[in-house]
1. Of all residues in region 114-136, count the ones that are surrounded by fewer than 19 Cβ atoms within 10 Å (Cβ to Cβ) and touching a helix residue (DSSP H, G or I) at 6+ places or on another chain (Cβ under 7 Å).
2. What is the number of the single condition among (1) at pLDDT below 95; (2) over 22 Å from residue 151 (Cβ atoms) that residue 19 does not meet?
3. Out of (1) surrounded by fewer than 18 Cβ atoms within 10 Å (Cβ to Cβ); (2) within 21 Å of the chain's Cα centre (by Cα); (3) within 30 Å of residue 179 (Cα to Cα), the odd one out for residue 107 is which?
4. Can you tell which of 132, 118, 223 is over 20 Å from the mean Cα position of the chain (by Cα), at pLDDT 85 or above and within 30 Å of residue 60 (Cβ to Cβ)?
5. Please work out which residue is nearest to residue 39 (Cα to Cα), limiting yourself to region 176-209 and to residues that are at pLDDT below 80 and surrounded by 15 or more Cβ atoms within 10 Å (Cβ to Cβ).
6. Under 8 Å between Cβ atoms, which residue pairs at least 6 apart in sequence (or on different chains) link something in region 162-175 that is touching a residue at least 40 places away in the same chain (Cβ under 8 Å) with a partner that is surrounded by fewer than 18 Cβ atoms within 10 Å (Cβ to Cβ) and assigned to a helix (DSSP H, G or I)?
7. Have a look at 42, 34 and point out the one that is without any contact (Cβ under 8 Å) to a residue 60 or more places away in the chain and either under 25 Å from residue 110 (Cβ atoms) or not in a helix (DSSP H, G or I) (or both).
8. If you scan region 29-76, which residues turn out to be surrounded by fewer than 17 Cβ atoms within 10 Å (Cβ to Cβ) and in contact with a strand residue (DSSP E or B) (Cβ under 8 Å, 6 or more places away or on another chain)?
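The values are calculated or read from the model by the stated rules, or taken from the named source; none is laboratory data. Just so we're clear, the structure is a prediction, and the values are computed from it rather than from any experiment. Neighbour counts are summed over all protein chains in view; Cβ atoms, including those assigned to glycine, are modelled from backbone coordinates with ideal geometry.
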């Protein structure tokens, strides 16, 4: 039922992408310099905090913009993947996959196939919040009240990715544009061939039950 007083937005994965990589993680003079990694999993607390701070800024901007579009008591529906409150991002599927891709890049740098400095300067602009963290950020914005928050049942979402080649193609589709700008097109086949090979060594990435990332469904109501 469409009513001009109630506008719905449905977003999947889009809010996980940051507007930019936190500048601190690329600064070799900062405690948050993310040397030897392309993501914030298994990184020092300063790196994680830099990512979380940028995510908070982006969510604040997103909610402010949506608040300008919605009338009083209008509804905003959001779907996004998050890390469970009881887990660290080091234990999530996406975190371990990006760590593995980073290892491939470092291996290539050690072999002289690409610059190690370029690997240190590359960070993936993605952040997976947690339900309690998201709730606090929304409450801080002041423009919305919670109507509903629940975890969706997506237990079999990765059944189609249970081969190394499919997992590699999936990640390549997500990140190739970013990687090409940093490392060049001629490195992509080599990189993702190595990635497929590393996945083959471990069954972890090919079992859907090992993915502990959850999808959160949230409905917010515009305050007066």
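1. Residues of region 114-136 surrounded by fewer than 19 Cβ atoms within 10 Å (Cβ to Cβ): 115-118, 121, 125, 131-133, 135-136.
Subset that is touching a helix residue (DSSP H, G or I) at 6+ places or on another chain (Cβ under 7 Å): 115-116, 118, 121.
Going through region 114-136 one residue at a time, the tally reaches 4.
2. Tallying (1) at pLDDT below 95; (2) over 22 Å from residue 151 (Cβ atoms), residue 19 fails exactly one: (1).
3. (2)
4. Values: 132 fails: over 20 Å from the mean Cα position of the chain (by Cα); 118 fails: within 30 Å of residue 60 (Cβ to Cβ).
Being over 20 Å from the mean Cα position of the chain (by Cα), at pLDDT 85 or above and within 30 Å of residue 60 (Cβ to Cβ) holds for just one of 132, 118, 223, which is 223.
5. Within region 176-209, the first condition is being at pLDDT below 80, and the residues that meet it are 201-209.
If we keep only those that are surrounded by 15 or more Cβ atoms within 10 Å (Cβ to Cβ) too, we end up with 205-206, 208.
Working: 205: 18, 206: 21, 208: 22 Å.
So, considering only residues that are at pLDDT below 80 and surrounded by 15 or more Cβ atoms within 10 Å (Cβ to Cβ), the one nearest to residue 39 (Cα to Cα) is 205.
6. What qualifies is 162/206; 162/208; 163/206; 164/197; 164/200; 164/206; 167/206.
7. On the way: 34 fails: without any contact (Cβ under 8 Å) to a residue 60 or more places away in the chain.
Only one candidate qualifies: 42.
8. Result: 71, 72, 73.
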